[in-house]
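This report refers to the structure that appears directly beneath it.
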Amino acid sequence: MTVPAESTSVTNTPRMSAPSPARVAALDRLARQAGRFPDLEFVDMGVAPTADGIALDARDVSLARAIEHTVAHRWMTLAAIARACIDRRWENVDSRVQAALLAAGAQLFLFGNVADHAVVDDTVEWSKGKGHRGAAGFVNAVLRKMIDLRGDFVEGADAAPRVWRDRRDLVPLADGRAMRLKRPVFSDDRVLRVAEAASVGEDLLLHWINSAGQDLAFSRAVHSLRPAPTVISGVPEQAVLPDAPFTSNLTPHSDPGSFVWNGDHSSLIALLTAYPEARVQDSASAQPMRLADSLRPKLILDACAGRGTKTRQLAALHPTAEIVATDVDGARLRALALAFVDHPQVKVTTPEGLRRIVGQVDLLVLDVPCSNTGVLSRRPEAKYRFNRARLDSITAVQRDIVEEHRPFLTPNGSVLYSTCSLEPPENLAQAQWAAGRIGRRVARTEVREPRGMPGEPDSAYADGGFGALISPA
């Protein structure tokens, strides 16, 4: 997400062209989500957007995704701004109109070098066929009020979190600055005000305050404002030599062995093709697998392998081990099988195919599904859907996974348990329960708070998460 430069003002000139295909594609997809909040589900964000079923060119795909991602990251912030410009309850506004206001607000307040008239014209034109009678006029009027609400930018000490969390008229931005509004829009209540300004669900923020204290809770909320960079691990030494083809696109990360990627997507694919051992993986995600680096397992079961990032890391850490990888999700399993075709160490199988290795696994790797509260910059929808009932539900799923897979262990086998969560019930408490259930002890743990605040370099960024090695006493 970028921050706006001064935008071109709105004009009243008649519209002469069809709306931008990128904006149409983003609006169509967001309209399907608006009625679901807070239960957003952006599982199809990896699918290239289309406008009326027609594929977009690369530039339009980039803009459509930027709009969608920005709205997902700042949903509550943008809703608070829009709410201040309407004369009815936000909840009573048609969900398609909500999507139009959120998407336009993202561009008007959080993008750079965007022409106001283009945003307004395209959004109004799209609204003509999507909302109730009069929707286009309503959208036009509200967007003009939103534009009038914008003020100047503040930076440095005047934009610090300790300032904006106590102000109702400052919108914190991803680069560490803030936009001053011409009148207050955020809540009088301090917790809800921080939730709106940082766009973090109130249930999650209150949970963090109760479990970790207000300072850490607010720090986590601030961290979620910034976009997550693309971090590469497993890069071989020859890839960063001065004359190597991708050196200029790799910036050393603050965590040794990781690099920030600053090239385009096609160049990234070329890097991963040239160096199969390299992988897109945040340093916090990579660290738990190293808890077992002193072990010499013959057979590893990666039971929640996803698309295989940690599987590839396990192969590098344990080059003499046979690795069996699987996943219960059909799409991920197919991608996993494709990623490891003819791999000398890794064998991909269905969950049913694991029967042959019952009682033979020396290292059981359980990177379990979780609440994702350590990776909110990457999974913004997790910010809004968190509540205690869902936390209880996911911890129950995690225990089922442990129960289901413990028969695969040898008598002296170990378990490597990890999450991308910050929640103690999913982490240390769960590892201790698992250790008692399978007759082991928690030998080593890795706890990571998210790092890297808005305005800090990408090299300082890291996700949060947890890992534990559970071994025989």
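Of the residues making up the range 103-131, those that are part of a loop (DSSP other than H, G, I, E, B) and farther than 27 Å from Leu170 by Cα are Gly129, Lys130, Gly131. Close contacts from the range 75-99, counting a first residue that is in a loop (DSSP other than H, G, I, E, B) and a second that is of a type in the set (Gly, Ala, Ser), with Cβ to Cβ under 8 Å and a gap of 6+ residues or different chains, come to Asp94/Gly131; Asp94/Ala135.
Glu381 meets each of the listed conditions (1) closer than 28 Å to Leu317 by Cβ; (2) at pLDDT below 95 apart from (1). Which members of the range 415-426 meet the condition of being in a loop (DSSP other than H, G, I, E, B) and of a type in the set (D, E, K, R)? Selection gives Glu423 alone. Name the helices (runs of 4 or more DSSP H) wholly within the range 133-230 that hold at least 3 residues that are at negative phi, hydrophobic (A, V, I, L, M, F, W, C) and surrounded by 21 or more Cβ atoms within 10 Å (Cβ to Cβ)? Once the helices (runs of 4 or more DSSP H) in the range 133-230 are filtered for at least 3 residues that are at negative phi, hydrophobic (A, V, I, L, M, F, W, C) and surrounded by 21 or more Cβ atoms within 10 Å (Cβ to Cβ), what remains is 135-149, 190-198, 202-212, 214-223. Residues of the range 423-473 that are open to solvent by 30 Å² or more (accessible area, probe 1.4 Å), hydrophobic (A, V, I, L, M, F, W, C), modelled with pLDDT of 95 or more and closer than 21 Å to Val365 by Cβ: Leu428, Ala429, Trp433, Val442, Ala443, Val447.
Would it be correct to say that Val324 is free of Cβ contacts under 8 Å to residues at least 24 places away in the same chain and over 24 Å from the mean Cα position of the chain (by Cα)? So Val324 fails the test.
A quick yes/no check of all residues on (1) of a type in the set (A, V, I, L, M, F, W, C); (2) within 27 Å of Thr320 (Cβ to Cβ); (3) assigned to a helix (DSSP H, G or I):
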position	(1), (2), (3)
Arg356	no, yes, yes
Gly359	no, yes, no
Arg390	no, no, yes
Thr410	no, yes, no
Gly413	no, yes, no
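Residues of the range 120-170 that are touching a residue at least 40 places away in the same chain (Cβ under 8 Å), farther than 23 Å from Ala18 by Cβ and among the aliphatic types (A, V, I, L, M): Met146, Leu149.
The values are calculated or read from the model by the stated rules, or taken from the named source; none is laboratory data. Only a predicted model underlies this, so the values are computations on that prediction, with no experimental measurement involved. Please note: Cβ atoms are built from the backbone with ideal geometry, for glycine as well, and neighbour counts cover all protein chains shown. To get the accessible areas, we keep the full protein, side chains included, count just its heavy atoms, and leave off ligands, DNA and RNA. Shrake-Rupley method; radii C 1.70, N 1.55, O 1.52, S 1.80 Å.
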